[in-house]
Amino acid sequence: MTILSNGHMWKHSEFIENNNFSFDKNRILKSLSEKDIDDAYSSISAWDGYSPTPLVELNKLSKELNLNKIFYKDESKRFDLKSFKALGGAYAVEKVSEGNKDIVVATATAGNHGRSVAWGARRLGLKCKIFISEFVSDARGQAMSELGADVIKVKGNYEKSLIECIKQSTENNWQIVQDVAWKDYMIVPKLTMAGYTVMMKEIVDQINQNKISHIILQAGVGGMAGAMIAGVARYLENIPVTIVVEPDSAACVLESIRTGKIEKIDIKRESLMGGMSCGEVSLVPWEILKNSIKYCISLPDDDIAKTMRLLGNASLSDEKIIAGENSAPGVISLITSCEDEKIKEKLELNKDSNVLLIGCEGDTDQEMYQKLINQ
């Protein structure tokens, strides 16, 4: 290897197989229906400024790993929000408001979802309240303020910000637009996930008859991963090998897959992969993920900055890619899987493999991005 060597050992923390794996398209599409998926694409593709984000081939990396193709869905080009989350929160805002200009929408966020809700509210002329934890950077808070949202900082972690959001929204009759489901709160997270499936529709239109053999999906609460699995069930004829990747400090999907039931993680340290630093998988995606994910991988933060640099200086493809810290894990988990012969064999990664990675964000926090790539 040339790009990836220089004495650097790529790391993963844990790799497990799902003993309950059974990819049943009909079961998946009961959780997120074809109509949900088709309605989202019909609405979002009609928005001003909509265009599909690029599907980049990481041709230098595929040559180095001896794979056929590696496709990287570059969500840094999604509207002007630089994240796949632009598809979800804004779409949910549109659906719940139903043209009512008097509605006030509210959400708790670590950054990208809140920007999408704020952007969606501004698009429709609605008032918006955003709750963020004290750990969310000032730059991310400022970005939401600039979209016209009233940003409220809450002492404590994300969970505390969500509790405060629910409390104030209940008192003031605001409409919560959250990407996390809980008992009796399922419809809005389902709308958010439906928005995310637009990525898979675009990918199918972009792969030119190539068959995706493997798909690696980042998970926080599981919304994007669940949505993409539903997109696979809706749009793909074949069933790729499905892999979820998470920070080792917040591997709530991995732990839940291991036991077969939702497990809550006590996060002792916040990961650099901030948008993925979640302690509990959400109910709606769990119904999809619990049987449809074949393998789970957890990663330390060690290789995040290096991977962002490699993407940014065109080491992995013929073009420079601006990839935020939550975009790196898919690339890292593919490299570590190929460097571990047992895992590579288990995953059946070989010269015929076409792997899909989700570059879920660009430099949504420019200060953090510069700090990491200049390390």
Which residue, of Lys342, Lys371, is among the basic types (Lys, Arg) and either within 17 Å of Lys63 (Cβ to Cβ) or modelled with pLDDT of 95 or more (or both)?
Lys342
Considering the range 345-368, residues that are modelled with pLDDT under 95 and assigned to a helix (DSSP H, G or I), and then whichever is nearest to Ala86 (Cα to Cα), we arrive at Gln366
Candidate set from the range 264-284 (those that are without any contact (Cβ under 8 Å) to a residue 40 or more places away in the chain and out of contact with any strand residue (DSSP E or B) (no Cβ under 7 Å at 6 or more places or on another chain)); member that is farthest from Met368 (Cα to Cα):
Lys264
How many residues does the range 86-114 hold that are basic (Lys, Arg) and in contact (Cβ under 8 Å) with a residue 40 or more places away in the chain?
1
Among residues of the range 4-31 being closer than 30 Å to Glu64 by Cα and among the small types (Gly, Ala, Ser), the residue modelled with the highest pLDDT is Ser13
If I ask for residues that are over 19 Å from the mean Cα position of the chain (by Cα), surrounded by 15 or more Cβ atoms within 10 Å (Cβ to Cβ) and of a type outside the set (A, V, I, L, M), which ones from the range 169-184 would you list?
Ser169, Trp174, Gln175
Those residues of the range 200-229 which are surrounded by fewer than 24 Cβ atoms within 10 Å (Cβ to Cβ) and either hydrophobic (A, V, I, L, M, F, W, C) or in contact with a helix residue (DSSP H, G or I) (Cβ under 8 Å, 6 or more places away or on another chain) (or both) amount to Lys201, Ile203, Val204, Ile207, Ile212, His214
Exception for Leu4 within (1) assigned by TED's automatic domain parsing to the domain that holds Asp363; (2) crowded, with 17+ Cβ neighbours inside 10 Å falls at (1)
Out of all the residues in the range 281-304, which are buried (at least 22 other Cβ atoms within 10 Å of the Cβ) and either out of contact with any Phe, Trp or Tyr (no Cβ under 9 Å at 6 or more places or on another chain) or among the β-branched types (Val, Ile, Thr) (or both)?
Val281, Val284, Pro285, Ile288, Leu289, Ile293, Ile297, Leu299, Ile304
Please enumerate the residues belonging to the range 10-46 that are in a loop (DSSP other than H, G, I, E, B), without any contact (Cβ under 8 Å) to a residue 60 or more places away in the chain and of a type outside the set (S, T, N, Q).
Ala46
Tell me, which helices (runs of 4 or more DSSP H) wholly within the range 135-197 include 2 or more residues that are touching a Leu at 6+ places or on another chain (Cβ under 7 Å)?
187-196
Kindly evaluate Ile265 against the criterion of being at pLDDT 95 or above, outside any helix (DSSP H, G or I) and of a type in the set (Val, Ile, Thr).
no
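The values are calculated or read from the model by the stated rules, or taken from the named source; none is laboratory data. This is a predicted model, so every value here is computed, not measured. Cβ atoms come from the backbone with ideal geometry, glycine included; neighbour counts cover every protein chain shown.
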